[in-house]
Structures are given as structure tokens and as C-alpha cells.
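The values are calculated or read from the model by the stated rules, or taken from the named source; none is laboratory data. Just so it is clear, the model here is predicted, and its values are computed rather than measured. Glycine gets a Cβ as well: all are built from the backbone with ideal geometry, and neighbour counts include every protein chain shown. Just the protein is used for accessible areas: all its heavy atoms, side chains included, with ligands, DNA and RNA removed. Shrake-Rupley method; radii C 1.70, N 1.55, O 1.52, S 1.80 Å.
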Amino acid sequence: MKSWWRRTPRSPAKSPIQERPPGLAANDAAPAMGVDRALRRLEWTVIRRLDGLLQGDYRTLMRGTGLDLADLREYQLHDDVRHIDWNVTARLQSPHVRVFTEDREMSAWFVLDLSRSVDFGSGLKAKREISTGFVGVLARLLTRHGNRVGALIYGNDLEAVIPPRSGRRHVLHLLHAMERRAEALLLQKGMTRLSDMLKSAANLMPRRSTVFVVSDFLSEPGWEKPLGQLAQRHEVIAVRLYDPLELELPDLGLVPLRDAETGEQLWVDTHDKGFRKRFARIAAEREATLRASLAKAGVDALELSTDDDLVEAIVRFADLRKRKVRSGAGSIKAFA
């Protein structure tokens, strides 16, 4: 079996469309060891705690399309119209859908926004660290049962595509790619274009999959339609990253605020009560618009704060996913 980690790097230039496992050159050894330590820490502090809470996790919470026909039943409002059996519908004069045996294996994709805005964090952790922790835990939970995970890494543009594979070594490769892309973006500036990222995801995912869009959704407008189009083919979960300071400013006096993506900086007087109220009102309006856009696109949403406990957030998400699977209800509303 060919090893993911080679001692000598490949000579051809790297393709922006598909990234292969990198060679472990001398200057990559330290970052790779750091990623391995980070994954071990996640396995001990998060995944071991989840093992006792996510009972029966081998029966995946994400539905597969399946190949084996299990049953036929009448169409209900929440059913996917693509499962309608038109021959049976014509004979019985009422819509009927095919019910398939769920696949035990699945392919999952992480569409990762690693733009400059996710570097922000007012506490001990930045949004990027929360993103890395979530991806590491979910990827490890999925791959240890043979499921495959891939990733699209996006900075100011599509930086890399990691094809779906399984195994712990592949998870290490994914986390290492996230870390290298984060370092490369430190000198880059420019507004995030989520619409480009989502359109690229729709073009590069040939099979129906479960897609986690991990982003703070601070972007140029126009991403709502591509997200809805992606959700028509795939099961999409929007993992929204945020920091409490983005919702409400404390009284800190005169402080500088800098746009992480454009570099624009200005001084604001947070001692001004009126300014703090206007900031909170605008932030609340942005929150309401974002949640409405995600609901309209038909995607489930998980909101992760920089001060969240990752175990509690994943358990909360898994519980709501279980309830959705059992009830057959439509999309879950965004939940924190």
C-alpha cells in the first residue's frame, strides 16, 4: 500500500484542482508533528467523551441514498421528489415514493472557509481553531467506521481539493492542509466570495454526499442561491462560526477596529452607549437575515461560538439530527 507521507516531494507543480498527500520534507516535519499532537489531543479530550454519549453512532445520522429498494409508500410533504416512482404513481393515481435501505457507508465533504475573517477571536480561541477542532472530530468519527471524507479549502480563492478517503492518516493530511493554507493566507487580503466557493463545490462533487459548509458567512452578497442549488443535490449542513464580540460590544473606551479581510482600520468610542446599541441592533439584523437565508436554502445549521464546548455542541447537533431522522421532518432551524 502506498504511503501518504513520502520522504521526497513530487517534482511536478501542484494542481489547484486536486491536492495529493504532500511529501514530508524537512521543513514540513515540525508542522506534521504538531498536527498529529493536535489530533491526539482531540481524540483524548473530545472523541473519548463522545464515545460514551453517541451510542449507536455506527448507524450514521446522515442518510445515504442506498441501492436496495426497501418499500413503496405514499408521497408526504417532506419527501424528496427525486424518489417518486412514476410508474406506480401512474397506476395508482396518487404519488408514491421509493424507500431505500440506507447505506452504512457515506461520503462527506468539508467546504472550508479559511479567509482572514476566521482568524478573529476575542477569547482564548479564534474561529479558525474552532473550525479545525470541529473538522478533526467529525472527520475522525466518520472515517473510523470506513466512511470517507474530503475537503475543499478556500482562502481568497479555491486553494485545494482533497479527495474523499478514509483512515486516520487521511484526517492528519486534511488537518495539515488546513494549517498550511492558514499560514499562506496571512499576507493575503481581499473580501470572501462564498458564492464562488459554493459553485466550485457543486462542480467538484460528482456523487450525492453529506456536505459541511464551515464558515463565518462574512462574505460578499449573493451566496444564498448557490447554497440552495448545492442543497438540491446534497445533504448540506451549514456550520456557522462566530465570536460573541461580533454580536455585542462591551464598554472598552476608545479602541481600534480593523477589517481582517480588507485591512481597513478605524477608531471607535465603545464608551458611547448609543454606538453600542446601534452596533447590537445591526448585528441582530444581520443574524436574523443570515438565519432566514439558511432556512430558505433548505439547509440545517449548527452555530459554533468561540467559547462553546465542542463536545456539547456536537452532542446537541447529533440529538437534533436523530430526532429529524426519526420524524422524517423537514430542515431543522438554525440552533446554537
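Odds and ends about this structure:
- Annotation: of all residues in the range 148-157 being open to solvent by 10 Å² or more (accessible area, probe 1.4 Å) and modelled with pLDDT under 85, the one that is farthest from Ser115 (Cα to Cα) is Asp157.
- The set of residues in the range 270-312 being within 20 Å of Val214 (Cα to Cα) and among the hydroxyl-bearing types (Ser, Thr, Tyr) consists of Thr289, Ser293, Ser305, Thr306.
- Residues of the range 106-137 classified as of a type in the set (D, E, K, R) and under 30 Å from Pro206 (Cβ atoms), total: 2
- All of Phe317, Phe279 fail the test of being more than 15 Å from Leu218 (Cα to Cα), modelled with pLDDT under 80 and not β-branched (Val, Ile, Thr), apart from Phe317.
- Listed conditions (1) in contact with a strand residue (DSSP E or B) (Cβ under 9 Å, 6 or more places away or on another chain); (2) farther than 23 Å from Ala284 by Cβ; (3) at pLDDT 85 or above are all met by Ser195, apart from (1).
- Scanning the range 296-313 for residues that are modelled with pLDDT under 85 and open to solvent by less than 10 Å² (accessible area, probe 1.4 Å) yields Val311, Ala313.
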